[in-house]
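Input: a single structure, listed below in structure tokens.
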Amino acid sequence: MSTKLKRHLTNVFIVAFLGLIFIDTYPGPGSAWKNLQNGVDPLLDFTGLWQGRWDLFAPDVDRQNHHIEVVAIHRDGERTVWRSPVWRDLSCFQTFVRIREVEFYDRIRQEWNSPAWPAFADYARRELIPPSETDSPIIEIELIEVIRPLADLRLPARQPPLPSRRSFYQQPLVP
Amino acid sequence: MKPSSSSKWNEFFFTTVDARVYAALRIAIAVILAIHLSVLARNWLMWFSESGVLDRASARANIDDHTQSLFFWLNGSPTTLKLCLVLIAAQLVAFGIGLATRFNTICLFVWLVSLHHRNNLIWEGEDLLLRIVCFLLIFMPLSQHWSLDAVIRKRRDGVATPDSPPTAFVWPLRLLQLELSCLYLSAVIQKLSGEYWRNGTAIQYVIRLDDVSGHRVPLANLLDYDLIGYQLLTWSTVGFEIMLAFLIWVPQVRRPIIYLGIVFHLGIEFTMDLFLFQWLMILVLATHLVSPLSPGAAINPTKNP
């Protein structure tokens, strides 16, 4: 391949790469921009070059302090509960090595990840729920997001306050 | 005479840099990837197997249709997955020592994309950046220095060590740097769409989040501030990001901006638990310290990428 052709191809690649990341990243005005984003989306998804959102605690930071509860409801009415870790109670090193769990329990509660809820409920029933004291079978699994209030806020918290518990998925089981 | 846009373009993308920059980047990324993989390997089957938190059908349903993953095609048994882990680790070692470097870089990118798409619930912004970095590494001459490939080439071709270090085009590095600017700008746009970042109170919440604060320097105890203090911190965070997105391209202020940026990220690193995010940002930021060797070499670069 000649140097000139190589240079041309490199230029095309540079322009294409920069164009794609710009289109994918920035919110543009109007529906034409949205259509453009939708147009390049399949290519970015396929190649793994999609940018995602660099939200970094934005926009609503006070919604992010939470843990997940999985509640198993038994036929006799007993409830067995598993809670995801409260990261503040763990050491710096423990949080570091469990970073994927931090992310998972943050993401799983989001509405757009609802297709993953049945699989997680099933996993939680098999692996997370502690053994019950009775032999009564589990008839339902419930996934709950528990918003944890931020400690010692000097400034007024959100008004009205966020709900402290939100059940986001119930999985009835046939025993 | 004013330089044409074409010559400015060439000067920006097609000047040369010391190729050791690329070798150093390869080694640093290999270390970051090794830590990533070690952490991921702890719960490998939990994240990626059929009996884990997300079976393949659910994973497929939870991500856009056009995404692809090797793990959608493989059988998903624990044995296969463990073999994949061993293979990724082996390719990472080969990448780190610079053996069959380009091939292993491509493979690592494919593995990374496959992992991201197989379970899209366990990644954060840092992982998105790492994936793009890995893609751009494919186009970098990573093995010209400090690599087994270079040793093998030298023995095979019997080339004596040149007096001056080999050079390479700067354009893949430029794309990486532009990606970083894009990231900062995107973070600013996201932040400014949130009420707390606009009214200047976001930092008081961030420093109290369970998963990212409280383990290191307890900022929440130290910053016993009133509204003005929090506003200064919040808006200066946004200010730093705007600065790092734009001013870093102004040659006259580039170095101070880079040093400020490094201090900014080290400050976050020592006060918050954000895994390796700050180190990756510092690494990419530090590539701005590399000066082009020969602006005039745009016409006759000594090495092709």
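Nothing in this text is a laboratory measurement; each read-out follows from the coordinates by a stated rule. A quick note: this is a predicted structure, and the numbers were derived from the prediction, not measured. Positions of Cβ are generated from backbone atoms using ideal geometry, with glycine treated the same way; all protein chains shown enter the neighbour counts.
Structure values in brief
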quantity: For residues of A:100-110, the mean tally of beta carbons on other chains within 10 Å; calculated: 6
quantity: Projected label distance in nm at residue A:148 and residue B:192, using a 7 Å step from Cα toward the beta-carbon; calculated: 3.3 nm
quantity: Neighbouring partner chain Cβ atoms per residue of B:199-209, average, 10 Å criterion; calculated: 6
quantity: Residues residue B:11 and residue A:63, FRET efficiency given R0 of 45 Å [Cβ-Cβ distance, rounded to 0.05]; calculated: 0.45
quantity: Candidate aspartates and glutamates - alpha carbon under 20 Å from residue B:8, same-chain residues fewer than 8 apart omitted; calculated: B:179
quantity: Estimated distance in nm for a label pair at residue B:31 and residue B:77, the labels positioned 7 Å out from Cα along Cα-to-Cβ; calculated: 4.0 nm
quantity: Highest-fluctuation residue, A:23, A:68, A:147 considered, GNM on chain A with Cα pairs under 10 Å; calculated: A:23
quantity: GNM top mover of B:147, B:213, B:181 - chain B, alpha-carbon springs below 10 Å; calculated: B:213
quantity: Global geometry of segment B:11-70, whether rounded, prolate or oblate, following the gyration tensor of its Cα atoms and the 1.5 cut on a/c; calculated: oblate
quantity: Restricting segment B:37-105 to trypsin sites (Lys or Arg not before Pro) in coil, as DSSP defines it, with at most 14 other Cβ within 10 Å; calculated: B:42
quantity: Average beta carbon contacts from partner chains per residue of B:128-135, 10 Å cutoff; calculated: 3
quantity: Fluctuation leader among A:76, A:122, A:24 - chain A, Gaussian network, Cα springs under 10 angstrom; calculated: A:24
quantity: 18 Å cut-off, amide nitrogen to a point 7 angstrom out along residue B:41 Cα→Cβ, residues in segment B:49-81; calculated: B:49, B:78-81
